[in-house]
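Q: Shown below is the structure under consideration.
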Amino acid sequence: MDIPNERKVHPYPMPKNGGIAMAVGICVSVLLWANGDQFVRAVLLGTGIVVVFGLIDDFRDIGYKGKFVGQIAAALVIIFYGGITIRSLGMLLPDDVLLPVWVAIPLTLLVIVGVTNAINLSDGLDGLAGGISLLSFICIGYLAYRTENIGIALFSVAVVGAIFGFLRFNTYPATLFMGDAGSQCLGFTGITLCLGLTQGNTPLSPLLPLLLLGFPVLDTVTVMLGRVYHRRSPFKADTNHFHHKLIGLGFYHTEAVFIIYVIQAFLVTAAFVLRFYSDWLLLNCYIGLSGLILLGFFIASKRKWKVTRYAFVDTVIKGKLKVLREKSIFIFVSFRILEIGTYVLLLFTCFVPSRVPRYISLIAIALLGCVVVIRLFKKQWTGVTLQFALYLMIPFIIYVGATDMAPWMLNPLERPYNLSFGLLAFFVVLTLKFTRRRKGFKVTPMDFLILFIALVVPNIPDTHIRSYHMGLIAAKIIVLFFTYEVLIGELRGKLSRLGLTTIAALVIIAVRGII
């Protein structure tokens, strides 16, 4: 359990075993799919070491010295067993000279340990370390895919999946923390995969890790230098991290996380755009952005700036919305439109594909049997079963509909069909804004991550991805996922109509695949 103290922002003790779940999810996935080369095995072994030491620290505080022992041991595994050292600094050295081994090994050790701790120290607000790591791993995975480094690509995908599962419970207000086991796992895998991707025979700049992981590194270096300047131990925890400063400026918890997400998204985008450019350009971009961030905080501190909260917004606009929420006028209308529209759209989507593959039909039959059995014998499990069935079938049926659309859909109906997902998303947001429900799905900073991915995917310069309209497919899947999570929460256990619609959709898919 993470017990609150004077430097932490959560008011109640929180379980911090999320890191164990992430580590298991990552390692099992990698062992099944990507355990093919020595470097991947080295990262797995090193990750296991830092997770074990982090787990020990979560149960009983072993201090920074104990953590360093685990981190150094894991780094040595990468260096000597994985064969990765920082030999190249690109154009920063004349004629692309390689660093000698006696310099490369200590430098690699310092970088791996430093970045591992940087992610660990950035884990100060709900969803913060997970969110910034998620953006980094998405870019690492795609760059690895483009350079045909399949081991690193699959490892990154495994980490992304684990983080998404964790963020479902860690976005504000969190019900679960990752602990040192989780934050050290993300930091260690992040920097080692970056080094494996950018060192050696690769067209990618060796300075890319600066942009991919540079924000938490900047935060950590700034905080430690500040501690040394004030004659304190650089390893003694305080409240001078960037996220603490944003809250000190008057930003709300979610606003501070959102601002850091935006900065990290900008850095990750810059890393992708500048991946083949001059190393000096990458370095200058990172230094320039770092300088702007530090200058902004310095000026804000000197002038004692505070975020202005306007009374008009708080009393007039929010007050009126509160009255409307209490009267339940908007929620009644928006929710009814949302519910009926969702049922109609789901059933219509089942007819969009020109044909349904046989394997999808068989999956639908199996899910149909599960739903029927659960409704008959374990009715209290209906909600979870419906979610499982829908979350499994929605990506299949939307993907097939987008890649093999029925001829009668192509001209008159395709555009209205696509626009209907946007309309549905509008009523999802409206319902969330006016709901009186205290628990369940709410709008969180994680939505920014999802929207960022949905906007970026269509613009990735990859002909295979573009040919299948992956951005539009992703947006449709996200809308339906969000919609059903909101519906299940708002229906408060009254799932008869939702259950019947799900059964009808599964029947349609099953029959179409068979005939």
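Values quoted throughout were computed directly from the atomic coordinates according to the rules given, and no laboratory measurement underlies them. Note that this is a predicted model, so its numbers are computed, not measured. Positions of Cβ are backbone-derived with ideal geometry, glycine not excepted, and every protein chain shown enters the neighbour counts.
Q: For Cα Rg over 2.2 N^0.38 Å, several values are listed as [x] 2.08; [y] 1.05; [z] 0.94; flag the one computed from this structure.
A: [y]
Q: Considering the options PRO203, LEU93, ILE503, tell which one lies farthest towards the positive end of the dipole of the chain, charges being +1 on Lys and Arg and -1 on Asp and Glu at the Cβ, about the Cα centre.
A: ILE503
Q: Taking θ = phi - 60°, what integer Hz values does the Karplus form 6.51 cos²θ - 1.76 cosθ + 1.60 yield along the stretch 192-197, in sequence order, with x for Gly and Pro?
A: 5, 5, 4, 5, x, 7
Q: Show that you can apply the helix-only estimate: for the chain, add -39,500 (n - 2.57) for every DSSP H stretch of four or more residues, divide by all residues, and state [θ] at 222 nm to the nearest 500.
A: For the chain, the value works out to -23500 deg cm²/dmol.
Q: To continue, here is another question. Spelling out what I want: for every residue of the stretch 347-363, take phi, set θ = phi - 60°, compute 6.51 cos²θ - 1.76 cosθ + 1.60 (Karplus), and round to whole Hz; glycine and proline get x.
A: 5, 5, 4, 5, 9, 5, x, 5, 8, 9, x, 4, 5, 5, 4, 5, 4
Q: Could you line up TYR277, TYR145 from fewest to most neighbouring Cβ atoms inside 10 Å?
A: Fewest-to-most ranking of TYR277, TYR145: TYR277, TYR145.
Q: I want to check the label-to-label distance for ARG355 and LEU292. Put each point 7 Å from Cα in the C-beta direction and report it in nm to one decimal.
A: Computed distance between label sites ARG355 and LEU292 equals 5.3 nm.
Q: Sticking with this structure for a sec: Given R₀ = 30 Å, FRET efficiency for VAL344-LEU32 by Cβ-Cβ distance, to 0.05?
A: On the way: r = 39 Å, r/R0 = 1.30.
With R0 = 30 Å, the Cβ-Cβ based efficiency is 0.15.
Q: Past the 23 Å Cα-Cα mark, which pairs from LYS65/LYS236; LYS16/LYS379; LYS378/LYS476; LYS16/LYS494?
A: Numbers: LYS65/LYS236 12 Å; LYS16/LYS379 32 Å; LYS378/LYS476 31 Å; LYS16/LYS494 33 Å.
Correct reply: LYS16/LYS379; LYS378/LYS476; LYS16/LYS494.
Q: On to the next question. If amide hydrogens are placed 1.01 Å from N in the peptide plane, which non-local residues have theirs closer than 5 Å to the one on MET405?
A: It is SER354, by chain and number.
Q: Now for a separate question. Calculate the spin-label point distance for LEU413 paired with PHE388, positioning each point 7 Å from the Cα along the beta-carbon direction, and give it in nanometres.
A: In this crude label model, PHE388 to LEU413 measures out at 3.3 nm.
Q: Apply the a/c threshold of 1.5 to the C-alpha gyration tensor of the stretch 18-302 and tell me whether it is rounded, prolate or oblate.
A: rounded
Q: Calculated FRET efficiency, TYR12 and THR239, Cβ-Cβ r, R0 25 Å, to nearest 0.05?
A: Numbers: r = 19 Å, r/R0 = 0.75.
In this case the efficiency is close to 0.85.
Q: In addition: Work out Dmax and Rg for the stretch 18-139 from the C-alpha atoms and quote the Rg first, both in angstrom.
A: Computed over the Cα atoms of the stretch 18-139, radius of gyration and Dmax are 15.9, 50 Å.
Q: While we're looking at this one, here's another question. With a 10 Å radius around each residue's Cβ, average the other Cβ atoms per peptide and rank 109-115, 377-383, highest first. Show your work: numbers first, answer last.
A: Values: 109-115: 20.3, 377-383: 12.9.
Descending packing order for the listed peptides: 109-115, 377-383.
Q: Here is a follow-up. Any idea how far apart PHE332 and PHE169 come out in nm if each label point goes 7 Å out from Cα toward Cβ?
A: Distance between the two pseudo-spin positions: 3.8 nm.
Q: Next question. Please give the length that would be gained between TYR252 and ALA406 if that part of the chain were fully extended, namely 0.36 nm times their separation in residues minus their C-alpha to C-alpha distance (nm, one decimal).
A: Net length gain for the segment: 50.6 nm.
Q: Given H placed 1.01 Å from N in the peptide plane, which residues other than close sequence neighbours of ASP2 have an amide H under 5 Å from its amide H?
A: For ASP2, the qualifying residues are MET14, LYS16.
Q: Further, regarding this structure: Give, in nm to one decimal, the length gained when the segment between ILE259 and VAL273 is fully stretched (0.36 nm per residue of separation minus the Cα-Cα distance). Don't jump to the answer; show the numbers that get you there.
A: On the way: separation 14, 0.36 × 14 = 5.04 nm, distance 2.13 nm.
Taking ILE259 through VAL273 to full extension adds about 2.9 nm, to one decimal.
Q: For every other residue with a beta carbon closer than 12 angstrom to the beta carbon of ALA256, add +1 if it is Lys or Arg and -1 if Asp or Glu, then tell me the sum.
A: -1
Q: Nearest 20 debye, what's the magnitude of the dipole of the chain about its Cα centre given +1 on Lys and Arg Cβ and -1 on Asp and Glu Cβ?
A: So the magnitude is around 2020 debye.
Q: Net charge around GLU339, counting only other residues with Cβ within less than 13 Å of its Cβ (Lys, Arg = +1; Asp, Glu = -1)?
A: Taking every other residue near GLU339 into account, the sum is +3.
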